[in-house]
């Protein structure tokens, strides 16, 4: 059996990973569990042949020098795979992660809609964290897919190895792979600054140089996405700071407080019905209080602020997410407790909602309707309150519309008054001009009459008239 056949079987069975090592049958990871295929154990020669067919000469040299090599590999019509070939006990072994050709949307992955807000940001740093196999790459791919479909931007991805293959849509996407398109994350990020990027996706922040360059890229007005292998927002901040010398941590805290927009910490949890797994997410957004805590280095207080900012900033802790999945019957009580980072806190939250849940072994009795009725009452109260709020908002909107109409009427009346005033001023000026004209004409006529009378009097006074008559009647 060759490698392509194994990868095809893996894809058909819906496994996420394939493990190959000598003296054991191939192992598939199904729903988080590692299960062997019903086939003969692999011989060392078989594994050597499988590896030899897919490695390029540079990859073979890297395997010889570093005892491990990452690569991307595709089976036409099946899927792409991210592989790592390594030495163990002096023999070759390999692990392959399945990467579907079809990239799922954020909605299809049942991820919170708040992730769409991160896609619309003009700049900043968004980190997706979690252990290996928690869905980080799939989530980042869904985010890049959404950006490509909705924003006319240039997206640059820097990966090792290249995983999902993106297609240009509204956005233009350039994908660069370490070893093939660039020599390293640091060099690729430095070069990216000269490639007119709007959005940059870095596969993983592995070292201080890469972390520093990522933060600088976010500072210079780019939207940057990347991943870290941490389990919570608090661990993420501490991991970044611990990567730098003590004398540089103050500056890095100040930079993070400014550029970090969100941390999404993920883990996959087994579904209640056994059909796959569902993502539980802790989401921290950079509110003013969060930024202040990061800048002051008070990371121990981040979790408390995160849990108190659920309503306004749409943050949530991992226990909040597990609680939501449990209430929606996606997972069972035992799985929620096993996956919780703080089972006692989760238990307390559950007892507030379901007082008898733990006495029933983590299950609600199907014959006891009281708990369901209590939830329905809470929902009814919530809906009634929401209706009242909507009615108040509608009433306020109506009042604002009425006031706006009144203001518009007043503005119109004021404009009309100004227009009438202007007309009256023009009329006054016209009347003044007319009055001046009439006054000048009357003065001219008076002067003419005066001159005429003077002339007549002079004639009468000069003689040659009837002496019986005098004055004007002579």
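Please treat every number below as a calculation from the coordinates, not as lab data. Only a predicted model underlies this, so the values are computations on that prediction, with no experimental measurement involved. Cβ atoms come from the backbone with ideal geometry, glycine included; neighbour counts cover every protein chain shown.
If every alpha-carbon in region 1-97 counts as one equal scatterer, what log10 I(q)/I(0) does Debye give at q = 0.18 1/Å? Results for region 1-97 at q = 0.18 Å⁻¹ read -0.80. Taking label points 7 Å from Cα along the Cα-to-Cβ direction, residue 312 and residue 425 give a separation of 5.0 nm. Each principal axis of the Cα atoms in the chain has its own extent, and those three values, largest first, are 167, 66, 51 angstrom. Pull up the DSSP beta bridges for region 114-369 and report the antiparallel fraction as a percent, rounded to 5. Within region 114-369, antiparallel bridges account for around 30 percent of the total. With the helix formula -39500 (n - 2.57) applied to DSSP H stretches of n ≥ 4, the chain reaches a computed 222 nm mean residue ellipticity of -16000 deg cm²/dmol.
Between region 1-30 and region 85-117, the C-alpha centres lie 15 angstrom from each other.
By DSSP, the beta bridges lying fully in the chain are antiparallel in about 60 percent of cases. Between residue 334 and residue 451, full extension at 0.36 nm per residue minus the direct alpha carbon distance yields a gain of 29.6 nm. Footprinting exposure proxy ranking of 269, 252, fewest other C-beta atoms within 10 angstrom first, gives 252, 269. Applying 0.36 nm per residue to the separation of residue 91 and residue 24 and subtracting their alpha-carbon distance, the gain on full extension is 22.8 nm.
Arranged from fewest to most other beta-carbon atoms within 10 Å of their beta carbon, 73, 312 become 312, 73.
Extension gain for residue 180 to residue 31 (0.36 nm times residue separation, less C-alpha to C-alpha distance): 50.4 nm. Distance between the modelled labels on residue 409 and residue 84, one decimal in nanometres: 7.4 nm (7 Å Cα→Cβ projection). The residues 150, 213, 230, when put in order of fewest to most other Cβ atoms within 10 Å, stand as 150, 230, 213. Dividing the mean sequence gap of close Cα pairs (under 8 Å, 6+ apart) by how many residues the chain holds gives a relative contact order of 9 percent. How high is the FRET efficiency between residue 167 and residue 54 when r is their beta carbon distance and R₀ equals 30 Å, given to the nearest 0.05? Using R0 = 30 Å, I get an efficiency of 0.75. Within region 143-160, which residues have the backbone N less than 19 Å from the label spot 7 Å out from residue 120 along Cα→beta-carbon, could you tell me? Under 19 Å, as judged by backbone N against the label point of residue 120, lie 143-154 of region 143-160. Each label point was placed 7 Å from the Cα along the Cα-to-Cβ direction; for residue 439 and residue 416 their separation is 3.6 nm. Using a Förster radius of 30 Å, what is the FRET efficiency between residue 132 and residue 386 based on their Cβ-Cβ separation? Nearest 0.05, please. Calculated value: 0.10. Its relative contact order, with pairs defined as Cα atoms under 8 Å and 6+ residues apart, puts region 1-144 at 18 percent.
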